[in-house]
Amino acid sequence: MQALLADVAARSYTALVVLEITKYGHPVLREKGKRIERVTPEIRQLAAAMIETMYAGNGVGLAAQQVGRALMLTVLDVRDPERPSQMFVGGALQDLNTVMPLVLVNPAITHTEGEQVGSEGCLSVPEISAEIRRAARVSVSAQNLDGKPLEFECTGLLARAVQHEVDHLNGILFIDRMDAATRASFAGKLKKLQKETQSQLAASAKPHHEAVRL
Ligand code: ZN
């Protein structure tokens, strides 16, 4: 009985792990994700941890690069009554409560239509948000966590979030989509964040010669 309880506790702990989010200045954010050829238990575990990390950060999407992995994997949850979304599979409107959180393996945008301008931020670029121009409606081709093909169309916040996340998977950040004047207005903040990230990376790469005190 106790062994069983311990096992359950260990598993629920694993599922609730919150990963560290990589920040602007970390080179992995500029890497193109590797295609996932097979959805292994490790990929499912990573997706579950990414969902927890996204919720912990109050995000609506998270890409693998944002947890330090250059892989074609992203998670989304756009259930926001103030910024509605529509998702269609085979032309049929989906109930977001049954399809979210959404995990996309190897997603690609196959078609875009129209234009929307709206406020956007990024968990890897804290304290910066700006109006970003995106397509209004996009068609997406991906696989789900069972490795099965998943094709859908979407509008609203989901269309915006999918474009933001697919950009991440290709090493592109939302600041690259800002108009020149907006990006210039954030130059100081971005430089500071980049420096902080790089000095943290340098510190964690240094060997620890000091004895561990327990
Ligand atoms: Zn982002």
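The values are calculated or read from the model by the stated rules, or taken from the named source; none is laboratory data. Since we're looking at a predicted model, the values are computed, not measured. Ideal geometry is used to build each Cβ from the backbone, glycine not excepted, and the neighbour counts take in all protein chains shown.
Give region 159-182 a look and list any residue that's of a type in the set (Val, Ile, Thr), part of a helix (DSSP H, G or I) and either under 20 Å from residue 103 (Cα atoms) or within 15 Å of the ligand (Cβ to nearest atom) (or both), or say none.
Matches in region 159-182: 162, 166, 175.
I need a count of the residues in region 152-172 that are surrounded by fewer than 18 Cβ atoms within 10 Å (Cβ to Cβ) and farther than 14 Å from residue 74 by Cβ.
Result for region 152-172: 0.
Just checking, how many residues over region 124-140 are within 16 Å of the ligand (Cβ to nearest atom) and touching a Cys at 6+ places or on another chain (Cβ under 9 Å)?
Residues meeting the conditions: 2.
What are the pairs, 6+ residues apart or on separate chains, where a residue within region 123-134 that is modelled with pLDDT of 95 or more and of a type in the set (S, T, N, Q) has its Cβ under 9 Å from a residue that is part of a loop (DSSP other than H, G, I, E, B) and within 13 Å of the ligand (Cβ to nearest atom)?
Once the first residue is modelled with pLDDT of 95 or more and of a type in the set (S, T, N, Q) and sits in region 123-134, its partners that are part of a loop (DSSP other than H, G, I, E, B) and within 13 Å of the ligand (Cβ to nearest atom) give 124/21; 124/22; 124/23; 124/24; 124/26; 124/173; 129/122.
Only residues that are more than 15 Å from the ligand (Cβ to nearest atom) and part of a loop (DSSP other than H, G, I, E, B): list them for region 35-71, please.
Result: 35, 36, 37, 38, 39, 40.
Specify the residue that is nearest to residue 121 (Cα to Cα); the eligible residues are those in region 183-213 that are within 16 Å of the ligand (Cβ to nearest atom) and polar (S, T, N, Q).
Within region 183-213, the first condition is being within 16 Å of the ligand (Cβ to nearest atom), and the residues that meet it are 183, 186, 189-190, 193-194, 197.
Okay, now just the ones that are also polar (S, T, N, Q), so 194, 197.
On the way: 194: 16, 197: 18 Å.
Only one residue fits best here, namely 194.
Inspect region 152-172 for any residue being of a type in the set (A, V, I, L, M) and farther than 20 Å from residue 83 by Cβ and give the result as yes or no.
So in region 152-172, the residues of a type in the set (A, V, I, L, M) come out as 157-159, 161-162, 166, 169, 172.
Filter once more, so that each one left must be farther than 20 Å from residue 83 by Cβ: 169, 172.
The answer is yes; a qualifying residue exists.
Quick check on region 76-97. Is at least one of its residues surrounded by fewer than 11 Cβ atoms within 10 Å (Cβ to Cβ), modelled with pLDDT under 95, away from the ligand (no atom under 16 Å from the Cβ) and not charged (D, E, K, R)?
Yes, region 76-97 contains at least one residue that is surrounded by fewer than 11 Cβ atoms within 10 Å (Cβ to Cβ), modelled with pLDDT under 95, away from the ligand (no atom under 16 Å from the Cβ) and not charged (D, E, K, R).
Please work out which one of (1) exposed (fewer than 14 other Cβ atoms within 10 Å of the Cβ); (2) polar (S, T, N, Q); (3) in contact with a helix residue (DSSP H, G or I) (Cβ under 9 Å, 6 or more places away or on another chain); (4) modelled with pLDDT of 95 or more is the condition residue 110 fails and give its number.
(3)
Can you find a residue in region 141-154 that is within 15 Å of residue 24 (Cα to Cα), touching a residue at least 24 places away in the same chain (Cβ under 8 Å) and not hydroxyl-bearing (Ser, Thr, Tyr)?
No, every residue in region 141-154 fails to be within 15 Å of residue 24 (Cα to Cα), touching a residue at least 24 places away in the same chain (Cβ under 8 Å) and not hydroxyl-bearing (Ser, Thr, Tyr).
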